[in-house]
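Written below as structure tokens is the structure these notes are about.
The values are calculated or read from the model by the stated rules, or taken from the named source; none is laboratory data. These numbers come from a predicted model, not from an experiment. FYI the Cβ positions are ideal-geometry reconstructions off the backbone, even for glycines, and counts take in every protein chain you see. Just so you know, the surface numbers come from the protein's heavy atoms only, side chains and all, with ligands and any DNA or RNA stripped out. Shrake-Rupley method; radii C 1.70, N 1.55, O 1.52, S 1.80 Å.
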Amino acid sequence: MSRYPRARVALLAVLASAIVVNSVIALAGAQPADIVGRMLSGTLGNPYGLGQWLARATPLMLTGASVALALRAGLFNVGAEGQVTAGVLAAAVAGAALPAATPAWLAVPAAALAAAAAGALLGGLCGWLRGRFGAHEVVSTLMTNGLMAVLATWLYGGVLRDGAQVSTRPILGAARVPTLDRIAPLFRGSSLNATVLLALAIPFVVDRWLLRTSAGLRVRAVGDSHESARAVGISVSATYTKTMAIAGALAGLAATHFVLGVKGAAEDGLGAGVGFAGLAVAVIAQGRALGLVAAALLMALLAQGGLVVGAVVPADVLVVVQAVVLVAAAAVAVRWHAPRSVNP
Amino acid sequence: MIDVLVVFAAQTVTAAIPLVFASMGGTLSERSGVATIALEGYLLVGALAAAIGALATGSAVVALGAALVAGAAAGAIFAFTVNTLRASSIVAGVAVNLAAAAGARVALELLYGSASNSPPLLAAAARTGSLERVALLDAILQPTFILAVLAALGVHAFFARTVAGLRTTAAGEHPAACRAQGIDVATVRWRALVAGGAVCALGGAHLTLLQHEFVAFMSGGRGFLALAAVILGGWSPGRVALAAIAIGSLSALDATLAGRGAVPSALLHALPYALTLLAVTVRIGGTRSPRALGTL
């Protein structure tokens, strides 16, 4: 048990972030109140900023749900980063390979499915290695991150390169996910696209699946105590494989936002960072669906807010704040992830 | 042919130095029972501190000292988060990496007005009028090489010969038994994590001194490669150092073969990750991790 009660840790975190932000703002020679005002008006104060904020939160909800699901089985999915990379690759390849006559109702799901499948393959591999051989998932997912980074750089620099472009061949027009300005013209110009609807639904769907299905019950049972789960006849290794495959698929789906929604193609570094940020989202959310959405919105607000105030203070100040928030949430969450007392 | 081999050897040494430092830091930390994926962040912090130190004084010794101090500070933050706040070591590691990458860019922008890189070390040294020391900076490869060898020998001796090393190992194997013996596990881990951060950060200093500037994200995944070396070496300092050198030789091989197209460079870069994946799967040589690793 922590020597520091929850409330004190949370207070400590608020203080720490306030000190970090204030001192950096002061060092940059600006007024803290002015910066906060700019940040809020630049994100929440106008439709474009609002759109960009929601767009930034979209992939974080998916990677957050991915990490949170794995945590329910007692697994740390540090591999969302590589699973997103795999999804981006797959979505770009599938989206460009579709026959020109493919209708949108078929093209979008096909490309999204390819992204999910690529993530599932990568995640499932790590889950299987854990269940079958006891290979610790933190190590294996970190290694698949490295592998995917190398593979992506190689493919984007070689076979997937579109002539003199740095990006891949554009995907089929019908495979593009529509931007939301058709429904809400307000968001015109922002990256917000229909993927946000999927991303908003996923945490609740996953929650329901965990609570209301026997497969979900098995995941929770394994997470609470794999010994007890084994004792009542649940196959722990199969559960690990399935959970990590689904978690990988959720992370891979983030490619729907990046490739099908925003870019229409893929390039090296597209989607970088959202995997690790998803880990932060999941830890802050402490395992609740609404919490995932809120945490993704918070992290996106900090990231987008950083860009808005970037002209006055360094944009990355708010990423440091993200890290402080993450640590505080992890400290507060001591009890929540307690079931995990397994040996690697 | 000899020329190629000499170039290859030199490049292996250069590529292996930061990996040896980082993997020694990782060994120190992980043997105490705390999973340490913060190595990537330590490298960045060390690289930045070295650039600041070198630009301020023109001295490579100051640069290395600054890296050592900054790495120890980063290790202390990690230790505070894991030991005192009892946050998960994986989450804390991700947080350290995140904060280091972003914090380095903030510091760059505040100090030098650019978020991407520091001014070149040469120009700064010239401004302070110590051109001879610039030549020293140029030849720093030798001092960091010697330091890396010393770090590996030191970590080996620490675990093989000292009581403190034995206690660190014990804290990583069976913290409860340690406590029963009257050993303060938290203190043992604090020391291991601070020392681990400091040693790892020297690898970052090497990168800065080699490239004559600090560049944002210049660690480029070497922290994770070093973690791979720790695992491939079975948490045993000698074998970890060998693994780090082997991984370094792969990227040297890539540099040496560049343009010859004999082996796809992606394959060489993927090899350490694939081998590590294989190693944790089949447990090469029956090595296993410190028992308490991953429970935090």
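Of note:
- Heavy-atom accessible surface of segment A:163-240, averaged per residue, reaches 56 Å², computed with a 1.4 Å probe.
- Förster radius 30 Å - calculated FRET efficiency between A:S228 and B:A274, Cβ distance, rounded to 0.05: 0.25
- Ratio Rg/Rh, restricted to chain B and using Cα atoms, in which Rh is the Kirkwood radius: 0.98
- Inter-site label distance for B:T84 and A:A201 at 7 Å from Cα along Cβ, in nm: 4.7
- Buried on assembly, segment A:149-176 (at least 30 Å² less accessible surface than by itself, 1.4 Å probe): A:V150, A:W154
- FRET E, pair A:A104, B:L150, Förster distance 56 Å, beta-carbon r, rounded to 0.05: 0.30
- Solvent-accessible area buried by A and B, counting both chains, probe 1.4 angstrom, square angstrom: 3800
- Accessible area per residue, Å², segment A:1-145 with all protein chains present, probe 1.4 Å: 39
- Carbon/sulfur fraction of accessible area - segment A:59-285, other protein chains in place, 1.4 Å, %: 66
- Taking 37 °C and 0.692 mPa s as conditions, segment A:48-185 diffuses translationally at an estimated 198 µm²/s according to Stokes-Einstein applied to its Kirkwood radius (Cα pairs).
- Between segment A:90-118 and segment B:1-74, the alpha-carbon center distance in angstrom: 44
- Taking 0.36 nm per residue of separation and subtracting the current Cα-Cα distance, fully stretching the chain between B:T162 and B:V69 would add 31.1 nm.
- Basic side chains Lys and Arg get +1 at the Cβ, acidic Asp and Glu get -1 at the Cβ, and with that the dipole of segment A:59-285 about its Cα centre reaches some 420 debye.
- Surface accessible to a 1.4 Å probe, per residue, for the residues of chain B, Å²: 39
- Cα-Cα P(r), the protein assembly as shown, percent of pairs per 10 Å interval: 3, 16, 27, 28, 18, 7, 1, 0
- Rg/Rh ratio calculated on Cα atoms of segment A:271-336 (Kirkwood radius): 1.01
- Between A:L217 and A:R188, the contour length at 0.36 nm per residue exceeds the Cα-Cα span by 6.2 nm.
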